[in-house]
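K.L.:
Would you mind keeping the following structure in view while I ask a few things?
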Amino acid sequence: MSSTLPTPQPSLGTQSAAETMAPQDQRAAEMVDAVAEELSSLVIHPEEELVTKLAKVSKTPAAGFGVFATQDIPKGALIAVESAVLSIPAVPDEEAAPEFCAALHQLPKAKLERLQSLSLDPLAWKAVSGANVRSRIWQWCEDNLASNEGGQRTSHHELSKMVDITCRCYGIFLTNNLETGGESGRGVYPFFSRMNHSCRPDIFEFFDIKTKELSLRAIHDIKAGDQIHSTYVDLLQPRKKRQKTLAAWGFHCQCTACANPAFDTLSDRAVELDDMLEEYLFYHDDFSSDTDDDHEPFLKGPDEALGVAQDLIQILKDQAIYGESLFYAYWNGSKLGVEVDDLQLALDYAREAREIEVCCVGTDGKLSDEDTIEWISYLESQIAHGADKGTLSARLAHGDYDP
Ligand SMILES: C[S@@+](CC[C@H](N)C(=O)[O-])C[C@H]1O[C@@H](n2cnc3c(N)ncnc32)[C@H](O)[C@@H]1O
């Protein structure tokens with residue numbers, strides 16, 4: 001197997017900022033260096049041990065390996081930053097196996113070893129050993145590896161061995177890969193791959209399209225020694241649906257939310273509220289025009305919709321669901337605050353949303369396509385200038401909000 005890719009360069013520059021800047025900027029430069037040093041202790045390279053300043057990978061009693069906090073981690077703290085061991089572009093499912101083969105057979109040895117050390121879920125193994133996927137992998141190997149570097153034909157036995165190894169690695173990829181969204185496809189990230197699932201996750205994972213790095217941040221305070229979980233599923237689903245999806249990883253979730261039936265009522269209600277809100281926010285125009293839809297809209301106007309957003313915020317907090325779902329509940333609440341002409345409420349909710357956003361993705365990232373900072377300053381200026389009741393919502397309805 002050839003290893004033609006160069007070893008990736010660390011994402012943080014090795015040259016010290018203080019070494020390169022003018023003397024009068026020395027203090028600022030030292031601060032930059034301090035931040036770079038702090039961050040470099042969080043960066044995971046595939047060839048290194050899986051330890052950062054705040055967390056490490058260890059054996060769990062019943063779920064293989066997991067990630068544990070090595071010290072108290074405050075909400076919002078950056079736990080790790082890492083690049084992919086292996087990634088493939090966004091392609092239709094039937095093209096994923098050949099894309100994977102091409103990426104795998106270019107992988108440097110250290111990364112290949114890291115990939116092979118990760119867990120292989122029995123169901124993923126079953127999928128890759130099935131005739132369909134195996135024959136695609138066989139075809140790729142035959143087309144690309146049928147002769148060795150000296151030009152001699154690879155024997156059937158050797159080819160079959162390569163197919164076996166490739167299938168096993170593909171199973172590992174399927175067990176551990178994360179969809180990073182849009183054209184960036186999906187990849188396997190070494191530290192993140194060791195995180196077990198909980199329906200009450202402790203972190204938010206954020207893929208930065210510019211740097212191609214994945215950052216993991218605490219979404220609430222975590223105590224030293226606690227296991228750090230991510231979520232493998234959308235949390236705004238009833239328990240049964242979540243567990244059905246999780247069955248693909250071959251385990252039955254026993255997190256606090258799944259083990260305590262009292263959470264089921266809250267969880268079902270959160271799903272209902274979210275559906276009503278979604279219908280109001282995204283489809284209510286369809287109801288006002290002539291439509292064949294066979295039901296009346298759930299929510300009649302912005303006052304009712306705001307009430308639902310407020311209930312949803314409360315229910316998410318009662319269930320200790322932080323992160324993206326709570327962000328959107330506040331964000332929608334802020335937009336509805338404007339619709340009912342309560343600009344102060346709109347501003348308070350926008351600030352809450354921003355706090356969650358920073359906690360999940362840092363100050364430079366964004367959770368939504370819209371810009372929360374611009375929205376906050378827009379609301380602040382409208383309040384400062386005593387925007388007329390109704391003016392702002394009318395302008396927003398026409399899409400001419402111009403911060
Ligand atoms: C991405 S890996 C997570 C790390 C894995 N435990 C390991 O040892 O590498 C996914 C696999 O971990 C296990 N797993 C994840 N979350 C779990 C949970 N809440 N309970 C039991 N097993 C879990 C399942 O076997 C699953 O297929």
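K.L.:
Counting pairs of alpha carbon atoms under 8 Å apart in space and at least six apart in sequence, what relative contact order in percent does the stretch 162-282 give?
P.N.:
Result for the stretch 162-282 is 19 percent.
K.L.:
Number of Lys pairs in the stretch 121-269 with C-alpha atoms less than 27 angstrom apart, excluding same-chain neighbours closer than eight positions?
P.N.:
4
K.L.:
Given R₀ = 51 Å, FRET efficiency for Thr60-Ala384 by Cβ-Cβ distance, to 0.05?
P.N.:
0.45
K.L.:
What does the accessible area per residue of the stretch 209-283 come to in Å², with a 1.4 Å probe and no ligands, DNA or RNA counted?
P.N.:
Result: 56 Å² of accessible area for each residue.
K.L.:
Taking 0.36 nm per residue of separation and subtracting the Cα-Cα distance, what length does fully extending Glu304 through Asp164 add?
P.N.:
Additional length available on full extension: 44.6 nm.
K.L.:
Sorting Trp138, Trp249, Trp125, Trp375 by accessible area (1.4 Å probe), largest first, what list results?
P.N.:
The residues order as Trp125, Trp249, Trp138, Trp375, largest area first.
K.L.:
At what distance in nm do the modelled label points of His220 and Ser117 sit from each other, each positioned 7 Å from its Cα along Cα→Cβ?
P.N.:
Placing both labels 7 Å beyond Cα along the Cβ direction yields 3.2 nm.
K.L.:
Same structure, new question: In sequence order, what are the phi-derived ³J(HN,Hα) couplings for the stretch 66-74 according to the Karplus relation 6.51 cos²θ - 1.76 cosθ + 1.60 with θ = phi - 60°, rounded to whole Hz, with x for glycine and proline?
P.N.:
Those phi angles translate into x, 10, 10, 6, 9, 8, 4, 10, x Hz.
K.L.:
Follow-up. Quick one: pull the percent of accessible area on the stretch 90-207 belonging to carbon and sulfur, 1.4 Å probe, ligands and nucleic acids left out. Let's see the in-between values first.
P.N.:
Numbers: 2700 of 5590 Å².
Using a 1.4 Å probe with all protein chains present, the stretch 90-207 comes out at 48 percent carbon and sulfur.
K.L.:
Normalised by the number of residues in the stretch 173-239, what is the relative contact order in percent for Cα pairs under 8 Å and 6+ residues apart?
P.N.:
It comes to 30 percent, rounded to a whole number.
The values are calculated or read from the model by the stated rules, or taken from the named source; none is laboratory data. Computed from a predicted structure; not experimentally measured. FYI the Cβ positions are ideal-geometry reconstructions off the backbone, even for glycines, and counts take in every protein chain you see. SASA here: full protein model, heavy atoms, side chains in, ligands and nucleic acids out. Shrake-Rupley method; radii C 1.70, N 1.55, O 1.52, S 1.80 Å.
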